[in-house]
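The values are calculated or read from the model by the stated rules, or taken from the named source; none is laboratory data. These numbers come from a predicted model, not from an experiment. Here the Cβ is made from the backbone with ideal geometry for all residues, glycine too, and neighbour counts use every protein chain on show.
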Amino acid sequence: MNRTILLVDDDIFQLKLFEKLLSSNGYNCKIALSVAEAEEILHSEKPDLIISDYEMPDKNGFDFRRRLLERDMFKNIPFLFLTSVNDTASVQQGLDLKAIDYIAKNTPAKHVLSKIDNLLQAVREHYERSLGEIKGVAEKLNLRNIPRQAPVLKSFEISYFNQTFQNQPGGDFIDFIRVSDRYTFVVLGDVMGKKWGAWFFSFSFLSYIRSAIRLCVYDENYSLSEIMNKLNRVVYADELLSDIFSTLSLVLLDDQDGIVSYAGAGDLPLLKFDKEKESLQHYQSQGILLGFTDDGSYDEMTIQMEDGEELYLVSDGMMDFEAGGKTRSDIELLKEKLYTLKKNGESLESIKDKLFDKHVSQVDDCSIIIIKKL
Amino acid sequence: MNVKAQHIDDVLVLIIEDRDANLVKSGPFKELVFNEINEGARKIVISFEHVDYLDSSFLGSLVAILKNLLPLEGKLVLVKLNDDIQNLFEMTRLDKIFNLKNSLETALKEF
């Protein structure tokens, strides 16, 4: 993935020169002729590094750095001064403002480039180390929102896959809750948001989902709409989750009679390839996302599945694509791919792999659960 | 985040000027609208005429804004969603909770 560098200098010639140098060495560059322009860019994109001149009209580089340090969103973006003002006092002042380096403009371009490469490499390694440590702790505490394996059933085969966004845990969560030899609940949820924030809250939703299912099952209640209503009411009442919302696809597999039931909350439609009609069917529930209102209008339905048919549960990341610098959500494209793969008689494993391989560029967590009727 | 704000009578119209409404922008946008609500804004229109793509983080911010506005007897109307985004709202039943309109003119008639 290309790193993005924001260059700030009131000298357009210098800007273009460095932009060319960095672009030809694999970096994406954003250029700003003033602090005001730079701040505007920062409000729409977070760069991996900021390189700023000192002497600029209106606000200078030190003013810019001070303003960034005051904002939590920007203060940790690595910052370099690249300037011709190189007296000892200025260099010290720049470094005191937590700039990683203070480089003279007459430094040979090759040296500047090496410094930038080394710096971004060090930042990357530090980030990977921190991420590894957090992942290690999460693993030790058995904190996982994606299970290690799917249960083995008599009437169904379950396959699933989850790909995190930028190698960070995210808001997609999967669970298989086998409450008896006969019944297994399949859960696919997506907490709105990305990365660690969404990951953290996914555990609150998972706990509530497990509790709601267990409590209803203790009362011999297997109604998905009732489970969903109880779950939604608890989520809605939780003040900690007042601004956090999640989608949910909840499927109940009756392994004895081979029956599949489904209820949804703001989720994408479930898809099934109908063997007889050779077409892709979709099943859309009426329920809205968890936590918005205390009455989510949850319904449930039975999905008829013939032997050999497959049912697909997908998270929204599966239909987000990036191509030619443009991102879009397109479920029809996903359905088209799935249809073609099924028509070509691809195996379940191959379908799972190819759906992920075909992504031009992933822009969110992607999850898919495939339930095959045996 | 680039947002153009204008007042038409007592309606606050916010035009998102970015093509991608994503994670980076969702926090500042929510903060901006919450500040407006704290200062008394109750009738809000958000225009997506420049937006190509809306991610789940930004969608979450919109839901949070609506959830905060409703108990204050406020009203939120979203306008000019492109086909992909409109389709996303319909597929996930968000069209049942949001008021979606094709133009600013029709949105203003809602107040």
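Miscellaneous remarks
- Criterion applied to A:Ala89, A:Ala104, A:Ala36 was being more than 26 Å from the chain's Cα centre (by Cα) and either among the β-branched types (Val, Ile, Thr) or within 14 Å of another protein chain (Cβ to nearest Cβ) (or both), and the one residue passing it is A:Ala36.
- Selection over the range A:328-338 of residues that are within 11 Å of another protein chain (Cβ to nearest Cβ) and of a type outside the set (S, T, N, Q) gives a count of 5.
- Some residue of the range A:235-245 being among the aromatic types (Phe, Trp, Tyr), under 23 Å from A:Ile158 (Cβ atoms) and not in a loop (DSSP other than H, G, I, E, B): no
- Failed condition for A:Asp175, given (1) among the charged types (D, E, K, R); (2) out of contact with any strand residue (DSSP E or B) (no Cβ under 9 Å at 6 or more places or on another chain); (3) closer than 30 Å to A:Asp295 by Cβ: (2)
- Picking from residues in the range B:47-96 that are aromatic (Phe, Trp, Tyr) and either outside any helix (DSSP H, G or I) or under 21 Å from A:Gln286 (Cα atoms) (or both), the one that is farthest from the other protein chains (Cβ to nearest Cβ) is B:Phe48.
- On inspection, A:Ala122 qualifies as within 34 Å of the chain's Cα centre (by Cα), part of a helix (DSSP H, G or I) and either more than 19 Å from A:Glu39 (Cα to Cα) or of a type in the set (Gly, Ala, Ser) (or both).
- For B:Val45, the criteria (1) under 26 Å from A:Ala38 (Cβ atoms); (2) touching a residue at least 60 places away in the same chain (Cβ under 8 Å) hold in every case but one, which is (1).
- The condition (being within 13 Å of another protein chain (Cβ to nearest Cβ), outside any helix (DSSP H, G or I) and farther than 24 Å from A:Gln163 by Cα) is satisfied by just one residue among A:Tyr222, A:Tyr298: A:Tyr298.
- Counting only strands (runs of 3 or more DSSP E) that sit wholly inside the range A:145-191, those with at least 2 residues that are out of contact with any Asp or Glu (no Cβ under 8 Å at 6 or more places or on another chain) and among the charged types (D, E, K, R) are A:172-178.
- A:Ser285, sole failed condition from (1) assigned to a loop (DSSP other than H, G, I, E, B); (2) touching a residue at least 40 places away in the same chain (Cβ under 8 Å); (3) within 19 Å of A:Ile368 (Cβ to Cβ): (2)
- Test: residue in the range A:283-300 that is at pLDDT below 85 and of a type in the set (D, E, K, R): no
- For the range B:17-27, the count of residues that are buried (at least 17 other Cβ atoms within 10 Å of the Cβ), of a type in the set (Ser, Thr, Tyr) and within 14 Å of chain A (Cβ to nearest Cβ) is at least one.
- Residue match in the range A:228-235 (condition: free of Cβ contacts under 8 Å to residues at least 60 places away in the same chain, surrounded by 19 or more Cβ atoms within 10 Å (Cβ to Cβ), within 14 Å of chain B (Cβ to nearest Cβ) and within 26 Å of the chain's Cα centre (by Cα)): yes
- Condition check for B:Asn102 on (1) modelled with pLDDT of 90 or more; (2) within 10 Å of another protein chain (Cβ to nearest Cβ); (3) farther than 18 Å from B:Lys4 by Cα: one failure, at (2).
- Which numbered condition A:Lys98 misses (of (1) modelled with pLDDT under 90; (2) over 25 Å from A:Leu22 (Cβ atoms); (3) not in a helix (DSSP H, G or I)): (2)
- Test: residue in the range A:306-327 that is within 12 Å of chain B (Cβ to nearest Cβ), under 23 Å from B:Lys96 (Cβ atoms) and surrounded by fewer than 22 Cβ atoms within 10 Å (Cβ to Cβ): no
- The number of residues in the range B:10-19 being without any contact (Cβ under 8 Å) to a residue 40 or more places away in the chain and either of a type in the set (A, V, I, L, M, F, W, C) or touching a helix residue (DSSP H, G or I) at 6+ places or on another chain (Cβ under 9 Å) (or both) comes to 5.
- Search result, residues across the range B:1-46 that are more than 26 Å from B:Glu73 (Cβ to Cβ) and in a loop (DSSP other than H, G, I, E, B): B:Met1, B:Asn2, B:Glu17, B:Asp18, B:Arg19, B:Asn22
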